[in-house]
Amino acid sequence: MKVVVIGGVAGGASAAARIRRLDEEAEIIMLERGDYVSFSNCSLPYYLSGTVASSSALIMMTPQAFLSRHNIQVRVNSEAIEILRDEKCVVVQEKDGKTYKESYDKLVLAPGANPVVPRSIQGAGNKNVFTVRNVDDICRLKEYVDTTGAKNLVVAGGGFVGIEIAENFVDAGLNVSLVEGADQIMGPFDYDMVQILHKEMMDKGIKLYLSSMVTAITETSVKAKKGEQELEIPADAVVLSIGVAPETTLAVKAGLEVGARRGIKVNHNYQTNDPDIYAVGDAVETFGRMNRQYGILALAGPAQREARAAADHICGKYHNNKGYIGSSCLRVFEQNAACTGMNEKMAKQAGIPYDIAYVLPPDKVGIMPDSHYMAFKLIFEVPTGRILGAQAIGKGDVTRRIDVIATMITMGGTLEDLKELELCYSPVYGTAKDVVNMAALVGLNVLYDRIRQVHVDQVRGLVESGAYIIDVREKNEYEAGHLKNAINIPLSEFRGRINEVPKDIPVYLHCRTGQRSYYALCQLLGNGYRNAYNVSGSFLGISLYEYFNDQAEGREPIVTAYNFK
Ligand SMILES: Cc1cc2nc3c(=O)[nH]c(=O)nc-3n(C[C@H](O)[C@H](O)[C@H](O)COP(=O)(O)OP(=O)(O)OC[C@H]3O[C@@H](n4cnc5c(N)ncnc54)[C@H](O)[C@@H]3O)c2cc1C
């Protein structure tokens, strides 16, 4: 069998190596149009700050290593420019322009995706404008900044790549602004959660321009529009990271089908409509396990899994394609952020009835010196309690918590399963009842209608409408900062003062994170109150939710002072 693979990074290299492991006799040729194969795209931004000291460290395998270790022929600077399906061959163009034909029995397309560069942006082709996809791109960008002494950098696009580039340039000492068209960065997170990241970026000196569209780039500035407002932001260099589009040029030219999301259409074995041609990675539309639809997913882990599945099928093995759930993580300065499965927006879009648990427990036992709160949002289906997704942000180990939820989702777990999940514990790693167990307990209280809650995004409306809000924190905590119209009845006095709480109007309870107010709520419920609500996330959650917009928009705060501890 002769297999030709187009593209030599996450998808292509994984497919080629797996085929070799399964078939010692196969002839395997990997074509890559760039200078390098098997480099770490995901580490590219860290070269800008010197975290990755040299560009050569970004390259994981050389063509020579592929040949000596795996007997795979790698041809760099070799672009596949056409697939002749009738002849079962690929036309390859070398760097000097020479072309030749390479025949195949099976062909694997792993050409990745291309950064989107909107034609509508004037000056997008200027020499101070960059995109980041490979080693050459990052070297060009770093060299430009180093040699021109650029001081002001603008990143357009607040996804994973844009944020990583922004952070690394701050670490390298530049003034960084980030312009994002939506009203939030990081689409996979919900608006309420992402406010924590907005705050972190603002605190670390990044100027965030949300709901703003870049319209033009000059040698010294970026022009953008926020509604009717015109912005001009100083910019010596600009990085466009507005998103990527599947690379489908070859596939389209060869008459392979492309789906509604503009990715190459594949079946559950990653075969295109030509059964001898497979496609994997960022270039394809892949099955979403959560919404049962095909979509685009530009992540390295799924690209490698798809490659393995395609290789298995090529070699006569079967693969149960359960689809992707979408798990990802990101560091934003001191905050770690991770998410998996569905967020609220996706659950709404899919028409799945859901509710949420939002908790802010310590990530380690509180007396440990590096214990911090972790903001954790769990989304579950109503009435089944099936876990749909989660988001976690904090200074501690969010990925462990989100990986637990990803496992739960993959196994079809429910809140009851998560409540019972026995996780390892020591005070230096977590709490006896871990963050994820806590979220399940809160979720079950909500699911079984034991408590009713309001969310941090509803509190401003409550304050402005003069709702009856009780702050059950102790007096000194209240005095350090509180909701402008909250009444203070500390939990330690609550039993004795319960008669002060009116029965005929809705009552909203909060404390620092929602736990003490839950205890107070139980007292109210036990005393016949039916119209009482816990504020999930409570004062810490409210402070984190409100802060960025208060600062950025010059909005009047609903608190006398914030509390971020
Ligand atoms: C800066 C950055 C940071 C990232 N961080 C993360 C992260 O933290 N976590 C994560 O999961 N994902 C991350 N990703 C995404 C991840 O890198 C991609 O999802 C993954 O690399 C996709 O693999 P792929 O093989 O489909 O495409 P690619 O890795 O892009 O490889 C495709 C290759 O095909 C070559 N090619 C294209 N057309 C042809 C042709 N006609 N002939 C020959 N060669 C061709 C291209 O030159 C390219 O090298 C990041 C991406 C970038 C750019």
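Some observations on this one:
- Scope the stretch 72-84; condition near the ligand (Cβ under 10 Å from one of its atoms), in contact (Cβ under 8 Å) with a residue 60 or more places away in the chain and not in a loop (DSSP other than H, G, I, E, B); matching residues: A80, I81, E82, I83
- Residue match in the stretch 495-508 (condition: assigned to a helix (DSSP H, G or I), open to solvent by 30 Å² or more (accessible area, probe 1.4 Å) and under 18 Å from G537 (Cα atoms)): no
- Pairs where the first residue, in the stretch 30-51, is farther than 14 Å from Q93 by Cα and the second is assigned to a loop (DSSP other than H, G, I, E, B) and open to solvent by less than 20 Å² (accessible area, probe 1.4 Å), C-beta under 8 Å, 6+ apart: Y36/G8; V37/G8; S38/G8
- For the stretch 538-556, filtering for residues that are surrounded by fewer than 23 Cβ atoms within 10 Å (Cβ to Cβ), touching a Ser or Thr at 6+ places or on another chain (Cβ under 9 Å) and of a type outside the set (A, V, I, L, M) leaves 0.
- Hits in the stretch 464-476 (condition: surrounded by fewer than 18 Cβ atoms within 10 Å (Cβ to Cβ) and of a type outside the set (S, T, N, Q)): E464, G466, Y468, E474, K475
- Residue list for the stretch 338-367, filter: open to solvent by 50 Å² or more (accessible area, probe 1.4 Å), more than 26 Å from R292 (Cα to Cα) and assigned to a loop (DSSP other than H, G, I, E, B): G366, I367
- Of the residues making up the stretch 137-150, those that are surrounded by fewer than 22 Cβ atoms within 10 Å (Cβ to Cβ) and touching a helix residue (DSSP H, G or I) at 6+ places or on another chain (Cβ under 9 Å) are D137, C139, K142, V145, A150.
- Test: residue in the stretch 25-47 that is charged (D, E, K, R), within 15 Å of the ligand (Cβ to nearest atom) and surrounded by 16 or more Cβ atoms within 10 Å (Cβ to Cβ): yes
- Within the stretch 459-482, the residues that satisfy the criterion of being touching a residue at least 60 places away in the same chain (Cβ under 8 Å) and among the basic types (K, R) are R460, R473.
- Among the residues here, I451 qualifies as closer than 20 Å to N531 by Cα and not polar (S, T, N, Q).
- Just so you know, in the stretch 1-24 the residues that are within 13 Å of the ligand (Cβ to nearest atom) and assigned to a strand (DSSP E or B) include one that is surrounded by the most Cβ atoms within 10 Å (Cβ to Cβ), and it is V5.
- Hits in the stretch 48-71 (condition: within 15 Å of the ligand (Cβ to nearest atom) and either part of a loop (DSSP other than H, G, I, E, B) or in contact with a strand residue (DSSP E or B) (Cβ under 6 Å, 6 or more places away or on another chain) (or both)): L48, S49, T51, V52, L58, I59, M60, M61, T62, P63, F66
- Close pairs (8 angstrom Cβ cut-off, 6 or more residues apart or separate chains): on the phi > 0 side of the Ramachandran plot in the stretch 109-138, of a type in the set (V, I, T) and more than 16 Å from the ligand (Cβ to nearest atom) anywhere: G123/V129; G123/I217; G123/T218
- Filter result for I379 (touching a Ser or Thr at 6+ places or on another chain (Cβ under 7 Å), without any contact (Cβ under 8 Å) to a residue 60 or more places away in the chain and of a type in the set (A, V, I, L, M, F, W, C)): no
- Whenever a residue of the stretch 290-305 is in contact (Cβ under 8 Å) with a residue 24 or more places away in the chain, its partners that are within 7 Å of the ligand (Cβ to nearest atom) and not acidic (D, E), lying with C-beta atoms within less than 6 angstrom and at least six residues away or across chains, give the pairs A298/A113; A300/A10; A300/C42; A303/A10; A303/G11; A303/G281; Q304/A10.
- Checked against (1) in a strand (DSSP E or B); (2) within 16 Å of the ligand (Cβ to nearest atom), T399 meets all criteria but (1).
- Filter result for G385 (under 20 Å from L418 (Cβ atoms), more than 16 Å from the ligand (Cβ to nearest atom) and in contact with a helix residue (DSSP H, G or I) (Cβ under 7 Å, 6 or more places away or on another chain)): yes
- Residues that are open to solvent by 20 Å² or more (accessible area, probe 1.4 Å) and within 10 Å of the ligand (Cβ to nearest atom), drawn from the stretch 104-136: P111, N114, P115, T131, V132, R133, N134, D136
- Residue that is at pLDDT 95 or above and in a strand (DSSP E or B), where the choices are V117, V132, V108: V108
The values are calculated or read from the model by the stated rules, or taken from the named source; none is laboratory data. Every value quoted in this text rests on a predicted model; they were computed, and no experiment measured them. Cβ: placed from backbone, ideal geometry, glycine included. Neighbour counts: every protein chain shown. To get the accessible areas, we keep the full protein, side chains included, count just its heavy atoms, and leave off ligands, DNA and RNA. Shrake-Rupley method; radii C 1.70, N 1.55, O 1.52, S 1.80 Å.
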